[in-house]
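Take a look at the structure set out below.
All of the numbers you see were taken from the coordinates with simple rules; none came from a lab. None of these values were measured; they are calculated from a predicted model. Quick reminder, even Gly has a Cβ in these numbers, built from the backbone with ideal geometry, and neighbours come from all protein chains shown.
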Amino acid sequence: MGKLIAGTTTLPVAEIEVPQDRLRTVAEAKVKGLMEVIGIFGFTTPIEVRRAKGRFVLIDGAHRLEAMKRLGQNEIAVRAFDMSAQDARGREIAANLVAGMTPLQDAVFLAAWQSYYEERHPETRQGSAGAIARHGLQGNNCSFAELVASNRSVTPRQIRKATAAVRRLSSDELRILDGSPRPVPLDAIEKIGKIADADERATVVLRLASGQAKNVAAARRALGVERGVKAPPKDTLQEDLEALNKAWSRAGAIVRRRFVAANLDELRRLIADAEASDE
């Protein structure tokens, strides 16, 4: 699983390579917060790196590394390991799962953990109950799902359903959703994952992440209207007005007078309000 490299406790910031395929994007707010904390208390928690063909690659601590870069620090405290890229990914996943993130990031990392475990134990990909029990996949995934569920005040089943949905999304879709100003809720992740049409799913992701749609249903409904598949949403106020106008036009003079007499005070108030708004 990797061996700690003795004697390597600091490294030049510029020499640490950050992989392009990291599962979690760097959040601006967290970097700024860390810069303030480091400025007050100093750098207290080393980042983790692995040695790979003469260079050092980041495992865990992207926010800390970015904060130190912006603070103009030349060196950073590290814990350096000799380990494979596969095990480094597993270490990155586990550290972030325990720390807790947005609902989307939780689901992304749980999905990545499942993939990582299946790579280490290929026989579990078949879903065999015996294989899963022998190699601990069920217990491991359940423990992480339960941890995340307790942090989110949701059920482990909701977490697992969102995780399954994440595995059906592309890396671009996940990146766009992760960049949303508002965290994407678990139920939205699950609903997006059920959209089979790739073009529709991509459009829903963009509209939800940009705030053009308040939820998945609204985004799909608007897209359906644009494509001519669904009728535009009904304006209930306009429908009521048309119904009232139609009833008035059909009524005779006697019925109209009786209606005015029965609603005279309300009509006077409405007329006064209308005249006041025109001033």
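Note on the stretch 3-84: Cα Rg divided by 2.2 N^0.38 Å, N the number of residues, gives 1.06.
To the nearest ten degrees, helix 28-41 and the longest principal axis of the Cα atoms of the chain are 50 degrees apart. Take 241-253, 15-27 and order them by the average number of nearby Cβ atoms within 10 Å per residue, most first; the result is 15-27, 241-253.
Label-to-label distance for D273 and R51 is 7.9 nm, based on points extended 7 Å past Cα in the beta-carbon direction. Taking the C-alpha atoms only, the angle from helix 253-262 to the longest principal axis of the chain is near 60 degrees.
With an 8 Å cut-off on Cα pairs and a minimum separation of 6 or more residues, tell me the relative contact order of the chain in percent. Please report the intermediate quantities before stating the final value.
Working: 290 pairs, mean separation 36.6, N = 279.
In percent, rounded to a whole number, it is 13.
Would you indicate which of [x] 164; [y] 252; [z] 176 is the value of volume of the Cα convex hull per residue in Å³ derived from the coordinates of this structure? Given [x] 164; [y] 252; [z] 176, the calculated one carries the label [y].
Please go through the residue pairs K30/K161; K30/K191; K191/K214; K32/K69 and name each one whose alpha carbons sit more than 19 Å apart in this structure.
In this structure, K30/K161; K30/K191 lie more than 19 Å apart at Cα.
Straight Cα distances below 16 angstrom link K194 to the aspartates and glutamates E173, with same-chain residues fewer than 8 positions distant left out. Dipole size of the chain about its Cα centre, with +1 on Lys/Arg Cβ and -1 on Asp/Glu Cβ: approximately 640 debye, rounded to the nearest 20. For the chain, the longest principal axis of the Cα atoms and the long axis of helix 137-152 meet at an angle of about 50 degrees. Farthest toward the positive end of the dipole of the chain, out of I189, V26, L58, is the Cα of I189, where the dipole comes from beta carbon charges about the Cα centre. As I understand it, the dipole of the stretch 239-278 uses +1 on the Cβ of Lys and Arg and -1 on the Cβ of Asp and Glu, about the Cα centre. Which of A243, A274, V255 lies farthest toward its positive end? About the Cα centre, the residue reaching furthest to the positive side is V255. Of all DSSP beta bridges confined to the chain, the antiparallel ones make up roughly 60%. About its Cα centre, the dipole of the stretch 161-261 is roughly 500 debye, where the only charges are +1 on Lys and Arg Cβ and -1 on Asp and Glu Cβ.
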